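In what follows, a structure is listed as structure tokens, so that the remarks can point back to it.
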Amino acid sequence: MRVLVVIIGLFTLAGCRPPLTRTDIHSYAQPELARVRHIELDLDVLFGQRQLAGSATLSVEGPGPLTLDTRGLAIERVELWNATRRAWDAGTFTLGASDPVLGAPLEIPLTAPDQGVRVYYRTSPQATALQWLDPPQTAGKKWPLLFTQSESIYARTWIPLQDSPGIRVTYKARIRTARELTAVMSADNSKNRPRTGEYVFDMPQRIPPYLIAIAVGDLEYRALSNRTGVYAEPATVELAAKEFSDTERMVGAIEAMYGPYRWQQYDIFVGPPSFPIGGMENPRLTFATPTVLAGDKSLVGLIAHELAHSWSGNLVSNATWRDLWLNEGFTTYLENRIQEKLYGRERAEKEFAIEVGELREEMKRLAPRDQILWVNLDGRDPEEGFTQVPYVKGALLLRTLEREVGREKWDAFLREYFARFAFESITTSTFLDFLRLRLPESVGVDVSQWVYASGLPDGAALPAPGVFAAIDAAIVSFGQSKTFSTEGWSTQDWLRFLRGLPEDTAGPAMTRLDEAYKFSATGNSEILTQWLRMSIRAGYEPGLARLEPFLLSVGRQKMLRPLYTELARTEAGKAKAREIFGRARAGYHPLAAAMVANLLK
Ligand code: BES
Ligand code: ZN
């Protein structure tokens, strides 16, 4: 040990540090010098100030100095553990210049290798990861609500840490809030614990920092099985429990294919309508939008997706945001396999066909460099990597490999992959090496072209072209004012139908559709979004009557983006969009607000 200290001392004296191999361009961390292994949070949730305040205690490995990521954090002071005195000493720190995307590096010199470091800090009321809701914005209207959304690089807006998915940490937390509220985290949530206002958590499994998550509010729990359940506001929890009653079957289905669920408990926190995305795979506790509560389980593919991340993404994680397709492409593929097992091949194929349609649409607008799975994000916000490419092109590659080697071999390979890299973060090349080594039968697929070139390679295992034949025939019939049957149509069928209608479908046709199928009154948020788009385009009043209330309550970007975009196509529409956004903005998540502001500028 003493020898090591001397060597490191010489390095530092000579002003030369061990060589740097920074693989993650979106983090200031220099894990070769100091790597965070464990985090203990001690935080007060201050709804009045919209701030988290307290400390993060980091167990650090290495000689130092320690470099952390922060964005918008007010650093109050730093303490270093003195192992001789068994007490905390005052430490020093330097907060570097802040970059708008990456934030500011926080450099802390260590006074001993492998030292404990405690940072006292406060978050900004504008922290990107945090959405603070006042009571009127919640379902119950009585209590405030807070939740986090840290993927991809927003954990640094509420915790000073090494915010790279290549760094894995265990964590504990002590959270203080009003005694009427419940806090839950991506950790062990002992069910229905008494409301005391102080809650402790433990996540003993190593996870990348973007998976650290918390929600605080008037939350209740309903068990769905002995290891699955839902948390939501009292007004929503029953509905959510009904909608997600297949969750245990989903866990069983994917376990049978790809090995045991390694995280003990699988719960779902159903957030408020303003939740900015569909779902987030926080370990042990998926966060989900209530817009999937359609009443008929037709949108639970989202749960299949977030659950599948318990294997692809959480167990085996992308080491950098360039490797995102290892998370999202694998998960889109697994999601589809779960759907096939639970709801049959036809529904799974239809969902995939819709996704491939969305990929093709988006590819038309994407520059060639963004059609590459191993996407180059140099100098860019990792957010720019979240296109349909990692999701659907990634899943298509896996489908193509499956077709090449046969399902049995392919599934065995995936099972081995999850076991081999469990609790590790890997890069694309690690996967490719493993594929070549363990599945040589896959040589027939030009994986390099898939991963490093733009566009869709020939020979992709696309969904069968005929899956929507009946719907496509109905579209033609509708155009010719002929009758057709819609008996037994699923949500996916309706989406295909509406999206297949001509762009210029106008008032009279809209009225005809609405009288027959009551779209303006639908409780299905996906169908409604599509219907509202068409209503804006056609200037169809009965549909438009739902637009404003929808935009004022729902904050899911997938739905806001097409609606505001559609509005912004005309000058009058743009003025209306600005007016609605002016009132809706305070209720949107910071990310959603920024996205809409950008659309309307
Ligand atoms: N990991 C993502 C959530 C995410 C998306 C975080 C974009 C940061 C940026 C999650 O697993 C996801 O993909 N959610 C989708 C739903 C899914 C069914 C495709 C979403 O939110 O729309
Ligand atoms: Zn995902």
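Computed with every protein chain present, the accessible area of residue 454 is close to 50 Å² [probe 1.4 Å]. The packing ranking, built from the mean of other Cβ atoms within 10 Å per residue, places the peptides 94-102, 163-171 in the order 163-171, 94-102, highest first. Available extension along the chain between residue 32 and residue 512 is 166.2 nm, counting 0.36 nm per residue and deducting the alpha carbon span. Taking +1 at the Cβ of each Lys and Arg and -1 at the Cβ of each Asp and Glu, which of 62, 96, 84 sits farthest along the dipole of the stretch 48-184 towards its positive end, judged by Cα position relative to the Cα centre? After comparing all options, I get 84. Which listed residue (205, 157, 300) has the Cα farthest towards the positive end of the charge dipole for the chain, taking +1 on Lys and Arg C-beta and -1 on Asp and Glu C-beta about the Cα centre? The residue sitting most towards the positive pole is 157. What does the convex hull of the alpha-carbon atoms of the chain project to on average, in nm²? Computed as one quarter of the Cα hull surface, the answer is 28.2 nm². Annotation: the antiparallel percentage among DSSP beta bridges lying fully within the chain is about 75. Approximating the spin labels as points 7 Å out from Cα along Cα→Cβ, the residue 453-to-residue 561 distance works out to 2.7 nm.
Close amide-amide hydrogen proximity is noted between residue 88 and 82, each under 5 Å apart and 5 or more residues distant or on a separate chain (H modeled in the peptide plane; Pro and chain starts excluded). Calculated from the alpha-carbon coordinates, the stretch 33-308 shows an Rg and a Dmax of 19.1, 62 Å respectively. Using the Cβ-Cβ distance between residue 90 and residue 384 with R0 set to 41 Å, the FRET efficiency from 1/(1 + (r/R0)^6) comes to roughly 0.50. Relative contact order, whole percent, for the stretch 470-599 stands at 18, derived from Cα pairs under 8 Å and 6 or more residues apart. Both numbers refer to the Cα atoms of the stretch 440-588; Rg and Dmax are 19.4, 59 Å.
Across the stretch 51-60, coupling constants 3J(HN,Hα) worked out from phi with the 6.51/-1.76/1.60 Karplus curve, θ = phi - 60°, read 9, 9, 9, x, 9, 10, 9, 10, 8, 10 Hz, and Gly and Pro carry x.
Angle between the Cα long axis of helix 590-600 and the longest principal axis of the chain, 0 to 90 degrees, nearest 10? For helix 590-600, the angle is close to 50 degrees. Counting only Cβ charges, +1 for Lys and Arg and -1 for Asp and Glu, the dipole size of the stretch 258-340 around its Cα centre is about 140 debye. Taking only C-alpha pairs under 8 Å that are 6+ residues apart, what is the relative contact order of the chain in percent? Rounded, it is 10 percent for the chain. Normalise the Debye intensity by I(0) for the stretch 352-442, one equal point scatterer per Cα, no solvent, then take log10 at q = 0.14, 0.19, 0.24 Å⁻¹ and round to two decimals. Listed by q, the Debye log ratios stand at -0.63, -1.03, -1.22. Note on the stretch 288-338: Cα Rg divided by 2.2 N^0.38 Å, N the number of residues, gives 1.23. So for the stretch 255-322, considering every pair of alpha-carbon atoms, how many percent are separated by more than 13 Å? Percentage above 13 Å: 66.
Sequence-ordered 3J(HN,Hα) estimates for the stretch 489-496 from the Karplus curve with 6.51, -1.76 and 1.60 and θ = phi - 60° stand at 5, 8, 4, 5, 5, 5, 5, 4 Hz, glycine and proline given as x. In this Cβ point-charge picture (+1 for Lys and Arg, -1 for Asp and Glu), the chain has a dipole of about 780 debye about its Cα centre. For residue 231, the solvent-accessible surface with a 1.4 Å probe is about 10 Å², rounded to the nearest 10.
Residues in the stretch 33-308 average 33 Å² of solvent-accessible surface per residue, probe 1.4 Å, ligands and nucleic acids excluded. Per-residue accessible area (protein heavy atoms, 1.4 Å probe) orders 300, 200 as 200, 300, starting from the largest. Taking amide H as placed 1.01 Å from N in the peptide plane, the amide H of residue 316 sits under 5 Å from that of 423, each at least 5 places away or on another chain.
Computed about the Cα centre, the dipole magnitude for the stretch 33-308 is approximately 440 debye when only Lys and Arg (+1) and Asp and Glu (-1) carry charge, each at its Cβ. Whole-Hz Karplus values for the stretch 210-216 come out as 5, 9, 6, 8, 9, 9, 9 Hz, taken residue by residue from phi with 6.51 cos²θ - 1.76 cosθ + 1.60 and θ = phi - 60°; glycine and proline positions read x. Each peptide among 313-319, 543-549 gets the average number of other Cβ atoms lying within 10 Å of its residues, and from highest to lowest they stand as 313-319, 543-549. Under a 5 Å amide H cut-off, with hydrogens placed 1.01 Å from N, residue 214 pairs with 148 among residues at least 5 apart or on other chains. Taking 0.36 nm per residue of separation and subtracting the Cα-Cα distance, full extension of the segment from residue 362 to residue 141 would add 75.7 nm. Helices in the chain, meaning DSSP H runs of at least 4 residues, each add -39500 (n - 2.57). Divided by all residues, the mean residue ellipticity at 222 nm is -11000 deg cm²/dmol. With contacts taken as Cα pairs under 8 Å and at least 6 residues apart, the stretch 33-308 reaches a relative contact order of 15 percent. Note on residue 346: accessible area is roughly 120 Å² with a 1.4 Å probe, heavy atoms of protein only.
Just the protein heavy atoms count here, and of the accessible area of the chain at 1.4 Å, carbon and sulfur take up 53 percent. From most to least packed by mean Cβ count within 10 Å, the peptides 268-276, 444-452, 290-298 give 268-276, 290-298, 444-452. When 399, 176 are compared by accessible area at a 1.4 angstrom probe, the order from most to least is 176, 399.
The values are calculated or read from the model by the stated rules, or taken from the named source; none is laboratory data. Since this is a predicted model, take the numbers as computed values, not measurements. Backbone-built Cβ (ideal geometry, glycine too); neighbour counts: all protein chains shown. Surface areas here come from the heavy atoms of the whole protein model, side chains and all, with no ligands, DNA or RNA. Shrake-Rupley method; radii C 1.70, N 1.55, O 1.52, S 1.80 Å.
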